[in-house]
């Protein structure tokens, strides 16, 4: 299976591949990614039967031995997105791995593109999650797997809370960053959220998470009025396994439209999601314990990553359907989650 290296893509692809492997127990699962291999390997440490391999144009020669060992056998090759939007290099590898006469290729077409659905090829349904789309795709070849997103498994780390001075169910995890800033809130809005949490839930510790590249944005939140002493800042300090343990043992999770939100989602964690309507299939509607917020009064999103639905605030732009979510709506949702 090919993924683009994003955490959310990896989670959805892995849970689907794991479901397929239960139907085909003799099969070997390899996930090919162009980046983030160490992060994804840690994320999947509880799935030892799934191998994650990084292949890109820069390490192609070192990966050639693996590729050559695969091309001469029967493969079921899956791209978990719209193949024509993938890079030429990825499309080349995709076809190379399905060169065997008994191999099968599974991929999606974009709605509105010319082409015909057939075995292993479907139009991507933007109203469904990536996992649900993949389940539909496999069903075309009579590989029927559960349509509901399965629960994610992780390696338990009993000491992770103690190491960070936490007690089970007495902290809330806040993940304010997305890979694209348009899917988050400006720093001054986050200040209000942090102050609401501190003032109304003084006995609940606030744990802030993010990758190393998120550190600058989180520092901007601190600079805008949040004391670093009022939170436990784990930005860039923990592994994916540690993060899964911390989220699973939290009172609740607050985040934006990003991969870590899907980690909370596949753990079925009580969550408040500050979302947007640009890409609805990437919101964790499959999490029955999530409250997903978005405001459509000024929204012009088309549901397929388009629509030019932006406000310019200062030097940044943000989705209208995200910015228009009121403070009261966010605060009320947090209160219900933590009650």
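The figures follow:
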read-out: Space enclosed by the convex hull of the alpha-carbon atoms of the stretch 240-310, per residue, Å³; value: 84 Å³
read-out: Value of relative contact order over the stretch 166-338, rounded to a whole percent, pairs C-alpha under 8 Å and six or more apart; value: 23 percent
read-out: Gyration tensor (alpha-carbon) shape descriptor, the chain, a/c threshold 1.5; value: prolate
read-out: Hull volume in cubic angstrom per residue (convex hull over the Cα atoms of the stretch 278-339); value: 98 Å³
read-out: 222 nm mean residue ellipticity, helices alone, for the chain (DSSP H n ≥ 4; -39,500 (n - 2.57); rounded to 500); value: -10000 deg cm²/dmol
read-out: For the stretch 1-76: rounded, prolate or oblate by the Cα gyration tensor [a/c cutoff 1.5]; value: oblate
read-out: Contour excess over end-to-end distance, with Cα ends at residue 74 and residue 223 and 0.36 nm allotted per residue; value: 48.0 nm
read-out: Length added when fully stretched, residue 326-residue 88, from 0.36 nm per residue minus Cα-Cα; value: 81.4 nm
read-out: Cα-Cα P(r), the stretch 7-139, percent of pairs per 5 Å interval; value: 2, 9, 19, 23, 24, 15, 6, 1, 0
read-out: Taking all pairs of distinct alpha-carbon atoms in the stretch 141-237, Kirkwood radius in angstrom; value: 15.5 Å
read-out: The chain, relative contact order [Cα under 8 Å, separation at least 6], %; value: 15 percent
read-out: Relative compactness, the stretch 79-225, computed as alpha-carbon Rg over 2.2 N^0.38 Å; value: 1.51
read-out: Dimensionless Rg ratio for the stretch 166-338, taking C-alpha atoms and the 2.2 N^0.38 Å reference; value: 0.96
read-out: Relative contact order of the stretch 1-45, pairs being alpha-carbon contacts under 8 Å that are 6 or more residues apart, as %; value: 54 percent
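A short reminder: the numbers here are calculations on the coordinates, not readings from a lab. Computed from a predicted structure; not experimentally measured.
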